[in-house]
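Below is one structure, written out as structure tokens, with a few remarks after it.
The values are calculated or read from the model by the stated rules, or taken from the named source; none is laboratory data. No experiment lies behind these values; they were computed from the predicted model shown. Cβ sites come from the backbone with ideal geometry, for glycine too, and all protein chains shown count toward neighbours.
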Amino acid sequence: MNHEEQPKKKRFKLFDTQREGRGVTKEEADLPPGFKKFFILYRRDFMRLLPVNAFMVFGNFPVFFLLIALSGLVSLDFVKATATEFSVFSGLLEHQLMQNQGAWDAPLLALNGILAAPSQSSSFTPLAYVFLGIGCLTFFTFGLVNVGTTYLMRNMIKGDPVFVWSDFFYAVKRNFKQGFFFGMLDLLLLLLIPFNVMVLSQGSGFFNGVLFWLNLVIGFLYLLMRCFIYLQMITFDLSIRKLLKNSLIFSFIGIKRLIPAILGNLVLIGFNIFLAFTGPFLSLAAVLPILFLFANCAYMTTYAAYFKIKEVMIDPYVKENETAEGDPAEA
């Protein structure tokens with residue numbers, strides 16, 4: 001057998017990000033956007049979500065430096081007295097010792113011993129501050145990664161050919177400015193709202209309670225809006241103000257579609273947390289977010305949100321154009 005006749009070796013295609021995929025059949029495309037269609041598409045796209053999850057995790061690589069800094073691995077550990085009053089009573093004890101010419105005051109000595117109970121503490125080293133600074137670069141990567149991965153998942157759900165690597169960077173390049181600036185605002189809100197809720201939960205009083213529930217409602221509403229913001233960003237040419245306005249409207253008219261996706265997200269996250277509290281599966285709980293969790297949660301919400309956007313903003317436009325093209329008077 002000569003060289004030309006030799007069969008080509010089959011490539012291992014698990015992480016072949018340039019593979020087109022089989023697309024959808026006409027029967028699948030005609031299915032209404034419900035549970036049946038979701039599970040058909042999800043089964044088809046499951047393996048292709050692995051590289052998407054990798055983009056979500058490693059595209060935001062600065063967050064790893066932030067986690068290392070906060071974990072204490074690059075901090076300096078030391079032992080100190082538990083009570084902040086220890087230094088004051090230690091001074092009083094030394095003064096008493098000098099006044100009594102070397103004689104100890106028993107009650108003061110006992111109190112000083114209680115306050116001197118040691119505790120483990122730590123402080124940031126210069127390297128820890130460097131890692132914190134690198135971690136803050138997540139503000140610059142967050143929106144761009146969301147733009148690229150949302151574009152990939154939208155095309156999967158539409159049944160379009162998907163080339164993971166090239167499509168990701170095409171979407172980032174096309175929406176760079178808007179994704180970059182909105183990503184900083186997005187991450188800031190995702191950090192600020194939970195922080196407000198945590199702080200307000202420690203307080204008391206009527207006004208504090210009003211602010212607590214107001215932040216909870218705003219946080220939940222914003223999570224619903226996020227399901228539509230990036231999808232509109234990669235699909236239409238809209239300003240950020242219009243993106244937010246449309247997404248607020250969609251969060252109300254699309255809540256029925258989003259509820260199953262939210263429940264599915266909670267199941268996956270709850271399962272991961274459950275594994276984290278079971279000793280034998282702790283390592284699996286650490287690996288699942290890197291390989292699986294983020295892309296699968298995002299896929300559910302993208303599926304629910306895309307077909308609502310399609311119903312309201314795309315289908316009427318397509319029908320209007322088809323009517324205009326088929327109208328003899330217009331021709």
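Quick check on L221: is it more than 19 Å from the chain's Cα centre (by Cα), under 21 Å from R257 (Cβ atoms) and in a helix (DSSP H, G or I)?
Against the criterion (more than 19 Å from the chain's Cα centre (by Cα), under 21 Å from R257 (Cβ atoms) and in a helix (DSSP H, G or I)), L221 does not qualify.
Give me the pairs, please: first residue somewhere in segment 60-72 and farther than 16 Å from T141 by Cα and free of Cβ contacts under 8 Å to residues at least 24 places away in the same chain, second residue anywhere and part of a loop (DSSP other than H, G, I, E, B) and among the basic types (K, R), beta-carbon distance under 6 Å, and either six or more positions apart or on two chains.
If the second residue must be part of a loop (DSSP other than H, G, I, E, B) and among the basic types (K, R), no pairs are left.
Quickly run through segment 156-184 and pick out the residues that are surrounded by fewer than 18 Cβ atoms within 10 Å (Cβ to Cβ) and under 30 Å from P33 (Cβ atoms).
K158, G159, D160, P161, F163, W165, S166, F169, Y170, K173, R174
Within segment 173-185, can one find any residue that is within 18 Å of the chain's Cα centre (by Cα), within 30 Å of L50 (Cα to Cα) and of a type in the set (K, R)?
Taking every residue of segment 173-185 in turn, none turns out to be within 18 Å of the chain's Cα centre (by Cα), within 30 Å of L50 (Cα to Cα) and of a type in the set (K, R).
Condition check ((1) loosely packed, with under 13 Cβ neighbours inside 10 Å; (2) touching a Pro at 6+ places or on another chain (Cβ under 7 Å); (3) in a helix (DSSP H, G or I)) across all residues:
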position	(1), (2), (3)
F228	no, no, yes
L231	no, no, yes
D237	yes, no, no
K242	yes, no, yes
L248	no, no, yes
L258	no, no, yes
L263	yes, no, yes
V267	yes, no, yes
P280	yes, no, yes
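Look at T149 and say whether it is assigned to a helix (DSSP H, G or I), over 23 Å from R43 (Cα atoms), at pLDDT 95 or above and polar (S, T, N, Q).
no
If we scan segment 228-249, do we find a residue that is within 15 Å of the chain's Cα centre (by Cα) and farther than 23 Å from T141 by Cβ?
no
Pull out all pairs, ordered by first then second residue, where Cβ-Cβ is under 9 Å, the residues are six or more apart or on different chains, the first lies in segment 253-281 and is of a type in the set (D, E, K, R), and the second is surrounded by 13 or more Cβ atoms within 10 Å (Cβ to Cβ) and in a loop (DSSP other than H, G, I, E, B).
These pairs meet every condition: R257/P33.
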